[in-house]
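Before any comments, here is the structure.
The values are calculated or read from the model by the stated rules, or taken from the named source; none is laboratory data. Since we're looking at a predicted model, the values are computed, not measured. Cβ sites come from the backbone with ideal geometry, for glycine too, and all protein chains shown count toward neighbours. These area figures cover heavy atoms from the full protein model, side chains too; ligands, DNA and RNA do not enter into them. Shrake-Rupley method; radii C 1.70, N 1.55, O 1.52, S 1.80 Å.
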Amino acid sequence: MRALPVVALALALCGCAQATRGTAPSRDYYGTLEPMASDAVYFVVTDRFVNGDTGNDHRDQGGPDPATRSFDRPVPGAPKGESDNIGYLGGDFKGLLDNADYIRDMGFGAVWLTPIVDNPDEAFTGGDAVTWGGAFQDRGKTGYHGYWGVDFYRLDEHLPSRDLDFAGLTAGLKRHGLKTVLDIVANHGSPSFTMPRDQPKYGEIYRDGVLVADHQNLPPEKLDPAHNPLHRFFHNEKDLVQLSNIDDTHPAVLDYFVGAYSQWIDQGADAFRIDTIRHMPPAFWKQFADRIRAKRPGFFMFGEAFDYKAENIAPFTWASNGGVSVLDFPLKQRMAEVFGRGRGDFALLSDRLYLTDGPYANPYDLMTFYDNHDMPRLDASDAGFIDANNWLFTARGIPVIYYGSEVGFERGKAEHAGNRNYFGQQRIEAAREHPIRAALKRIAKVRETTPALQRGLHLNVVMQGDRAAFYRVYEHGGQSQIALVLLNKGDAAADFEVREYLQAGRWRAALGGSEVEVGEGAGGVLKATVAAHGVEVFVLDAPVVRGDLVTALDRAMARARRR
């Protein structure tokens, strides 16, 4: 499938009811002023991206015992032609940095990488055995993903190279124009009980090599934090499978994680993604955020609260709970319906935007996505991925793309069925001309150069069937821009006629390249034909002067953020 051309343009120049052009009064129209909103995010499971340095693979780690060896552990029971792996596969900082230009070339401004802290050296022997397509199973699995932290003050040895530590990685990414978003964990450490014999590092927590806590392979109810100092970091009730359940009420726990993650900020982390944020109370995150931001004012963080109900995840965004943004799971759920194989109506997305009177502190700061490492990848055709990306990079929020989605990698596959499979240099080279990636690059570059798409208020005009039309408007700090987005996810070209809120002026087609003049007076209309699975963004670099648009934006501005 070829990358699709977008627009054939015709414009009817008629009058429209609006104020006389000229100097407009100074106004503020924006969805967000968060600096991170400028940067679309590319998310990698570092071990599964590219093996840039085989010298740090540690292929002998865990010894010869098939129950504990840590490198290359295929999941049993794979159907013919499919695979999944729960061992280390060699991806590292060098492989990521070697391909920074590949990521930057797509229009991304940031890379989110999985946790970098030290994990156990053996495969886990407790819990339930991992099976093909299974969930909540950990026996035979390793900490290749980084979420089984043991020493949060030290790098996992599989990631750095002799001349490339984390500080070197972040500095290198910055040279390529990329910020670093670091995945952090505080609610759990490694699997901590049910092992036939206690394994090294499992259930243990160190501070720069010094043991500070040990589950001692005991079930949570047998821990004695009141009398055993090594148990003080843990709750004595179970939470997630066999993972340690870290005690958020203990002051030493907060001190430990603030200290650990502050050092990674010092080494260049620009933002945090917080894993399993809902498994610790907002009071903990309020203290954590306050202490981090006392050191780095305005430091951006977003959390993972895996819940499709906005009212359940929104409280984390409130200032009283730490002011941490979240991944937009409620919108993700609808995106899968609209852009997946079912090809649902654009109208399904409208109510999940929460543009006015919603529960979030600010819906424009949410991280928008359609899949990740903890769920099945988007099951869509190439055209469905193109449509999803066209929406993601023009609608409200900060877009996140999971590695490989630029080519529909392992589409529809869940964890333990290929979701986190190794990508590799060969696929990266082949991806450069892929139609999904080509279309993603085109619209991501438009967002990158269009402040209204990054920060502007979102005002819907049409959200029906295979067509969507909406404005993004940004007017702040002496910069004024109105963007009109037209989306067509149908299999045939679609005609648009936009009259609502259409302001007079010279509009330029960001993708089509033409310029059109909309005149003064009543009844103006912008007519455009958008190709199948296409997008066009018309941009007017001018302050808002049209009366009904002013009224709509005043309402949106006043009611967008939770007061």
I'm trying to understand the selection: among the residues of region 243-278, which are among the small types (Gly, Ala, Ser), more than 23 Å from Pro120 (Cβ to Cβ) and in a helix (DSSP H, G or I)? Ser262
Somewhere in region 267-276, is a residue closer than 21 Å to Tyr42 by Cα, open to solvent by less than 20 Å² (accessible area, probe 1.4 Å), of a type in the set (Val, Ile, Thr) and in contact (Cβ under 8 Å) with a residue 60 or more places away in the chain? yes
By residue number, the members of region 31-53 that are outside any loop (DSSP other than H, G, I, E, B) and surrounded by 15 or more Cβ atoms within 10 Å (Cβ to Cβ) are Met36, Ala37, Ser38, Val41, Tyr42, Phe43, Val44, Thr46, Asp47, Arg48
Look at region 465-507 and say how many of its residues are of a type in the set (D, E, K, R), part of a strand (DSSP E or B) and open to solvent by less than 60 Å² (accessible area, probe 1.4 Å). 2
Search result, residues across region 317-345 that are within 17 Å of the chain's Cα centre (by Cα), closer than 30 Å to Ser381 by Cα and not aromatic (Phe, Trp, Tyr): Val326, Leu327, Asp328, Pro330, Leu331, Lys332, Gln333, Arg334, Met335, Ala336
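Could we say that Val462 is closer than 25 Å to Arg334 by Cβ, open to solvent by less than 10 Å² (accessible area, probe 1.4 Å) and either hydrophobic (A, V, I, L, M, F, W, C) or part of a strand (DSSP E or B) (or both) here? I'd like the intermediate steps shown before the answer.
Working: closer than 25 Å to Arg334 by Cβ: yes; open to solvent by less than 10 Å² (accessible area, probe 1.4 Å): no; either hydrophobic (A, V, I, L, M, F, W, C) or part of a strand (DSSP E or B) (or both): yes.
The answer is no for Val462.
For (1) open to solvent by less than 10 Å² (accessible area, probe 1.4 Å); (2) over 17 Å from Met106 (Cβ atoms), each residue gets a yes or a no:
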| site | (1), (2) |
| --- | --- |
| Phe369 | yes, no |
| Gly384 | yes, yes |
| Gly397 | yes, yes |
| Glu410 | no, yes |
| His416 | yes, yes |
When the residues of region 477-529 are narrowed to those that are among the β-branched types (Val, Ile, Thr) and within 34 Å of the chain's Cα centre (by Cα), which ends up nearest to Ala380 (Cα to Cα)? Val485
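Residue-wise test of (1) assigned to a helix (DSSP H, G or I); (2) touching a Ser or Thr at 6+ places or on another chain (Cβ under 8 Å); (3) modelled with pLDDT of 95 or more; (4) surrounded by 16 or more Cβ atoms within 10 Å (Cβ to Cβ).
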| residue | (1), (2), (3), (4) |
| --- | --- |
| Gly55 | yes, yes, yes, no |
| Gly63 | no, no, yes, no |
| Thr68 | no, yes, yes, yes |
| Leu97 | yes, no, yes, yes |
| Asp101 | yes, no, yes, no |
| Phe108 | no, no, yes, yes |
The one condition Tyr360 fails out of (1) open to solvent by 20 Å² or more (accessible area, probe 1.4 Å); (2) in contact with a helix residue (DSSP H, G or I) (Cβ under 6 Å, 6 or more places away or on another chain); (3) of a type outside the set (Val, Ile, Thr); (4) not in a helix (DSSP H, G or I) is (1)
Can you name the residue in region 508-545 that is hydrophobic (A, V, I, L, M, F, W, C) and more than 17 Å from Leu487 (Cβ to Cβ) and, of all such residues, is surrounded by the fewest Cβ atoms within 10 Å (Cβ to Cβ)? Ala522
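Among the helices (runs of 4 or more DSSP H) confined wholly to region 288-350, which include 1 or more residues that are under 23 Å from Val462 (Cβ atoms) and touching a residue at least 24 places away in the same chain (Cβ under 8 Å)?
329-339, 347-350
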Within region 412-426, is there a residue that is assigned to a loop (DSSP other than H, G, I, E, B), in contact with a Pro (Cβ under 8 Å, 6 or more places away or on another chain) and polar (S, T, N, Q)? yes
Candidate set from region 546-563 (those that are under 22 Å from Thr32 (Cβ atoms), out of contact with any helix residue (DSSP H, G or I) (no Cβ under 8 Å at 6 or more places or on another chain) and small (Gly, Ala, Ser)); member that is most open to solvent (accessible area, probe 1.4 Å): Ala558
Could you check Trp318 against (1) of a type outside the set (S, T, N, Q); (2) under 20 Å from Ala37 (Cα atoms); (3) surrounded by 21 or more Cβ atoms within 10 Å (Cβ to Cβ) and say which number it fails? (3)
Does Gln425 count as of a type outside the set (D, E, K, R), without any contact (Cβ under 8 Å) to a residue 40 or more places away in the chain and open to solvent by 30 Å² or more (accessible area, probe 1.4 Å)? no
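Confirm whether Arg197 is over 15 Å from Val150 (Cβ atoms), in contact (Cβ under 8 Å) with a residue 60 or more places away in the chain and touching a strand residue (DSSP E or B) at 6+ places or on another chain (Cβ under 7 Å). Outline the logic, then answer.
Values: over 15 Å from Val150 (Cβ atoms): yes; in contact (Cβ under 8 Å) with a residue 60 or more places away in the chain: yes; touching a strand residue (DSSP E or B) at 6+ places or on another chain (Cβ under 7 Å): no.
Here the answer is no, as Arg197 does not meet what is asked.
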If you scan region 247-262, which residues turn out to be under 18 Å from Thr114 (Cα atoms) and either of a type in the set (Ser, Thr, Tyr) or surrounded by fewer than 16 Cβ atoms within 10 Å (Cβ to Cβ) (or both)? Tyr261, Ser262
Tally time: how many residues in region 265-316 are within 15 Å of the chain's Cα centre (by Cα) and under 20 Å from Gly149 (Cα atoms)? 12
Go through region 119-153 and count every residue that is open to solvent by 20 Å² or more (accessible area, probe 1.4 Å), of a type in the set (D, E, K, R) and closer than 14 Å to Pro66 by Cα. 3
Any idea how many residues of region 375-392 are within 16 Å of Glu410 (Cβ to Cβ) and either in a helix (DSSP H, G or I) or modelled with pLDDT under 95 (or both)? 4
